[in-house]
Amino acid sequence: PLSCTPDNPLRDVVKSNDLRDYVPHTRMLMCGSVKDGTVFYEMTEALAGYYLANGYPEENLDILELNTPMSEQQTPYQDIVEAYQSVQPLLAKLIPDQSLRASAEHVVAGVFCIASARSYFDGIMAGG
């Protein structure tokens with residue numbers, strides 16, 4: 001808890017670096033996949049909810065879920081989402097085992113989230 005008073009020097013450092021009450025102050029993109037078996041998308045939703053409940057402006061938060069059909073989300077990342085979704089049948093064919101595919105999904109989604117981040121920062125640098 002944030003109210004603890006640690007006697008151990010290591011615990012004191014851990015307490016001083018506690019981010020449980022952190023709320024960002026700038027624009028942010030959160031990207032993920034509901035198929036990711038390593039970083040569960042529910043954590044993205046929970047963290048976004050926490051930020052919004054603690055005063056983070058909704059207009060500063062962009063959330064990109066790579067499996068959601070484009071018709072259900074407003075995003076400037078349509079080409080990235082479509083490319084990601086086009087890879088899914090090949091991934092299923094190459095890795096038929098669902099549990100192994102969920103692990104591989106973390107890497108695959110990561111590639112497309114990195115591309116989304118690049119696009120996001122390019123937009124910010126261009127003044128958008």
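The values are calculated or read from the model by the stated rules, or taken from the named source; none is laboratory data. It should be emphasised that the depicted structure is a prediction, and the values quoted were computed from it without experimental measurement. All Cβ positions, even for glycine, are placed from backbone atoms using ideal geometry, and neighbour counts span all protein chains on display. For accessibility, only protein heavy atoms count, side chains too; no ligands or nucleic acids. Shrake-Rupley method; radii C 1.70, N 1.55, O 1.52, S 1.80 Å.
Remarks
- Pair list, Cβ < 9 Å and 6+ apart or interchain, from region 44-56 residues that are over 20 Å from GLY32 (Cα atoms) to residues that are of a type in the set (Asp, Glu): ASN54/ASP21
- ASP97 being farther than 29 Å from ARG20 by Cβ and either touching a Lys or Arg at 6+ places or on another chain (Cβ under 7 Å) or open to solvent by 40 Å² or more (accessible area, probe 1.4 Å) (or both): yes
Quick grid of which residues meet (1) assigned to a helix (DSSP H, G or I); (2) closer than 21 Å to THR75 by Cα; (3) touching a residue at least 60 places away in the same chain (Cβ under 8 Å):
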| position | (1), (2), (3) |
| --- | --- |
| VAL87 | yes, yes, no |
| LYS93 | yes, no, no |
| PRO96 | no, no, no |
| ALA109 | yes, yes, yes |
| PHE112 | yes, yes, yes |
| ALA115 | yes, yes, no |
| ASP122 | yes, yes, no |
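- Selection status of ASN17, loosely packed, with under 11 Cβ neighbours inside 10 Å, more than 17 Å from TYR120 (Cβ to Cβ) and not aliphatic (A, V, I, L, M): yes
- Of all residues assigned to region 56-67, none qualifies as being open to solvent by less than 30 Å² (accessible area, probe 1.4 Å) and assigned to a helix (DSSP H, G or I).
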